[in-house]
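Novice: The structure is given below, and queries will be raised subsequently.
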Amino acid sequence: MSYLLTPLSTGALGLSNRLVMPPMATAKAEADGKVSAAILDYYREKSAGGYFSLVIVEHSYIQQAGKASANQLSAADDSVVDGLRALAGVIKSSGAKAVVQLNHAGSSASEEITGIKPVGPSAVVNPRQGGIPQALTGAEIKTVVEAFALAAGRVKAAGFDGVEIHSAHGYLLNQFFSPLTNQRTDEYGGSVFNRIKIHLEVIAAVRAAVGKHYPVLLRLGAGDFTEGGTTVVDSILAAQAFVEAGVDVIDISGGFSGYVNPESTAQGYFSELSAPVKQAVTVPVILTGGITEAEAAEELLAAGKADLIGVGRAVLQDSGWAKRAVEQLYSKQ
């Protein structure tokens, strides 16, 4: 039997198989962040045929200060809802569940893009982007938390099946989680639990906005692969706290290492992070990272490295990847 196709009970999500299309930035939105014809065409092509159980739409900014790049998708104001509704319809027409990833770039943002000086947990250099941000005040943190909640409400109103909170790849929530960029001495800095205080506030606010039974995912940069950075031990404690706070799925990726593991190029190279997190939590765990072959995905699932497999870059390069993978696995049954 194919592990990739084995039915999996995932609570509110109700996924029918284990293949996920993770968020991949396309830079195809309109200049103001609204859904464009190019975005609709892209997701129509990638999700065609119903080979993915879940499609997570690329990171979408929650407020202007958190915009990461030009032509990034927006969830920052009510004017985007109609376009998001069209996008949800395109994805769901394939039979997949559709989720939007919500993000604030923090010190990874550029004043040239946003018109606003970048902010972060502390006034320290961003290890990936360079530049020193302005440290957020307590009042400003509350504004960010509220922005996540409002964006989540828009996503739900647009007909999506869930939202994902982005805390990976060196963006704002990841910056709070990582000791590399969080040097605060208040309640948002220091211990792991202080560094995830903003996450727990975001989760609570998002849950209040979308309701008890609406799926909330969280993408966690579970390792910085840098001395003094986030470790898998930190991530286990964080993931457990997130699940207790109401997160339905943990989506494992890199932290300030970005989309790669500098210590491994094997398919599923974040599995050393996902496996211990999976053992420590009671919700499904998604694994991504260099997976290009269906057999590799099967092996990772069989080995208990994750519950769901995300295939991003292979599908970005080849829209027929999922179709061939599923057909290949069926042919072996």
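Values in this text are rule-based calculations from the coordinates and carry no lab data. None of these values were measured; they are calculated from a predicted model. Cβ placement follows ideal geometry from the backbone for every residue including glycine, while neighbour counts extend to all protein chains displayed.
Novice: Neighbour counts of other C-beta atoms within 10 Å: give me 54, 84, 316 arranged from fewest to most.
Specialist: 316, 84, 54
Novice: Shifting gears a bit: Mind pulling the angle between the C-alpha long axis of helix 271-280 and the longest principal axis of the chain? Nearest 10 degrees, somewhere in 0 to 90.
Specialist: Long axis of 271-280 versus the principal axis of the chain: about 90 degrees.
Novice: Mind checking which of 287, 237, 200 has the largest fluctuation in a GNM of the chain, springs on alpha carbons under 10 Å?
Specialist: Checking each option, the largest mean-square fluctuation is seen for 237.
Novice: What angle do you read, to the nearest 10 degrees and between 0 and 90, between the alpha-carbon axis of helix 138-157 and the longest principal axis of the chain?
Specialist: 30
Novice: Full-extension gain between residue 111 and residue 30, please, as 0.36 nm times their residue separation minus the C-alpha to C-alpha distance.
Specialist: Gain on stretching residue 111 to residue 30: 27.3 nm.
Novice: Computed FRET efficiency, Cβ-Cβ of residue 299 and residue 193, R0 35 Å: what is it to the nearest 0.05? Provide the component values of the computation, followed by the final result.
Specialist: Working: r = 35 Å, r/R0 = 1.00.
Efficiency at R0 = 35 Å is approximately 0.50.
Novice: Quick one: angle between helix 37-47 and the longest Cα principal axis of the chain, in degrees between 0 and 90, rounded to 10, please.
Specialist: Roughly 50 degrees between the two axes.
Novice: Averaging over all projection directions, find the projected area of the Cα convex hull of region 188-284 and quote it in nm² with one decimal place.
Specialist: Across all orientations, region 188-284 yields a mean hull projection of 6.3 nm².
Novice: Return the Cα extents of region 36-141 along principal axes one, two and three, sorted largest first, each rounded to a whole Å.
Specialist: Answer, in whole Å and largest first: 47, 28, 24 Å.
Novice: Measure off 7 Å from each Cα along the Cα-to-Cβ vector at residue 185 and residue 266, then give the distance between these two points in nanometres to one decimal.
Specialist: Placing both labels 7 Å beyond Cα along the Cβ direction yields 4.4 nm.
Novice: Please give every one of the lysines within straight-line cross-link reach of residue 67, meaning a C-alpha to C-alpha distance under 29 Å, and leave out same-chain neighbours fewer than 8 residues apart.
Specialist: Cα-Cα hits under 29 Å: 28, 34, 46, 92, 97, 117, 142, 156, 197, 212.
Novice: P(r) for region 11-331: what percent of alpha-carbon pairs falls in each 20 Å bin, starting at zero?
Specialist: 36, 60, 4
Novice: A follow-up question, please. Looking at region 155-202, which GluC sites (Glu not before Pro) are in a loop (DSSP not H, G, I, E or B) and have at most 15 other Cβ atoms within 10 Å?
Specialist: Filter output for region 155-202: 187.
Novice: Over the chain, what relative contact order in percent results from Cα pairs under 8 Å that are six or more residues apart?
Specialist: Contact order relative to length: 16 percent.
Novice: R0 = 22 Å: FRET efficiency of residue 48 with residue 314, Cβ-based, nearest 0.05?
Specialist: Values: r = 16 Å, r/R0 = 0.72.
About 0.90, to the nearest 0.05.
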